[in-house]
Structure formats: structure tokens, C-alpha cells
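None of the figures in this text is laboratory data; all of them are computed from the coordinates on show. Bear in mind that the values here come from a model prediction, so they are computed numbers and not experimental data. Every residue, glycine as well, gets a Cβ built from its backbone with ideal geometry; the counts of neighbours run over all protein chains shown.
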Amino acid sequence: MNVDGTCLCGHITYEAEVDPDATIICHCTDCQTNSGTAFGVVVGVVDNNFRLLTGTLKTYIKIADSGRRRTLAFCPECGTRIYARTEDDPSAFFGLRAGTVRQRNRLTPTMQAWTASARDWVFDLSGIPGRRS
Ligand SMILES: [Zn+2]
Ligand SMILES: [Zn+2]
């Protein structure tokens, strides 16, 4: 599925090919901290098919306990997270941040990762009073 997207301020725009069936909620503590919220939602980029159209991404290299180097890319102007990938392993999961995808209403999560570190309230939001905006 071909998608396009942007960061909050519009500095970054991109096109990508994603696999909607690889839309994943990640509850790892890195995603909690890096997103500033409870979990991350990413969609897998097919064959590293991601093309930056405008702007320049800033990157942060996260070195995992395994020694694996994950590149986290974000907008240098507004801080919106754009993707996480492993540059030196093209076969590694390339996760595009689903909230930046314009067609995100067509991306429904199919899996949850790192549920052991999930916040205990995320699995049932139905009891929390809501309003439309
Ligand atoms: Zn931006
Ligand atoms: Zn994560």
C-alpha cells in the first residue's frame, strides 16, 4: 500500500510503501519514553521503500542491549517521530510511525509487542470518561 505523510510542522514529507498487515502496537519502555505517551504504533515499510520528499531528518542511534543499532529519525523542527530502522541490516523491521501517515485510518494494528511493559490501563479505556474533542 502506497502512503504519504508529514510531521506536525510540515518540514518533513515522505512517500512510502507499507504493509498494513504489519501495523504493530509497541509497549516497550523506549517507545513510551520516546513517544512521550503510553505506546508506539508503527507500520512496516516494504523493501525499505521510503522516500523523503522534503526536509532533512535528524537521527538518534539507539544501541540495544544486543548491540543492535536502531536509527530513530525525527523532524528537527517539531520533534515528530518519523521512523525507526536498522541501517546495517536491510532485512530488519523498518517501522514507520503510523500517526504520521495520512492514510492512517486504514492502518489497524494486527499485533502488540512488549506487552509485559504495557501500562496496565491501556487494555481497557472504556471505563475512562470521554468527550468528542
Ligand atoms: Zn516537523
Ligand atoms: Zn517499542
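Tabulated data for the structure shown
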quantity: Tabulated pairs, the stretch 36-62, first farther than 14 Å from Val3 by Cα, second within 14 Å of ligand 1 (Cβ to nearest atom) and part of a strand (DSSP E or B), C-beta under 6 angstrom, 6+ apart or interchain; calculated: Thr54/Thr13; Leu57/Ala73; Lys58/Phe74; Thr59/Ala73
quantity: Flag if Gly44 is small (Gly, Ala, Ser) and within 13 Å of ligand 2 (Cβ to nearest atom); calculated: no
quantity: Qualifying positions in the stretch 63-76 - within 13 Å of Phe50 (Cβ to Cβ) and more than 12 Å from ligand 1 (Cβ to nearest atom); calculated: Thr71
quantity: Conditions (1) away from ligand 2 (no atom under 16 Å from the Cβ); (2) in contact with a Ser or Thr (Cβ under 7 Å, 6 or more places away or on another chain); (3) under 21 Å from Met111 (Cβ atoms); (4) hydrophobic (A, V, I, L, M, F, W, C); number of the one not met by Leu8; calculated: (3)
quantity: Given (1) surrounded by 12 or more Cβ atoms within 10 Å (Cβ to Cβ); (2) within 16 Å of ligand 1 (Cβ to nearest atom); (3) within 27 Å of Asp47 (Cβ to Cβ); (4) of a type outside the set (Phe, Trp, Tyr), index of the condition Gly79 fails; calculated: (3)
quantity: Considering residues of the stretch 117-133 that are within 16 Å of ligand 2 (Cβ to nearest atom) and closer than 24 Å to Pro20 by Cα only, the residue surrounded by the fewest Cβ atoms within 10 Å (Cβ to Cβ); calculated: Val122
quantity: Segments classed as strands (runs of 3 or more DSSP E), wholly inside the stretch 28-78, with at least 3 members that are closer than 17 Å to Thr115 by Cα; calculated: 40-54
quantity: Residue selected from the stretch 47-62 under the condition away from ligand 2 (no atom under 16 Å from the Cβ) and charged (D, E, K, R), by the criterion nearest to Pro76 (Cα to Cα); calculated: Lys58
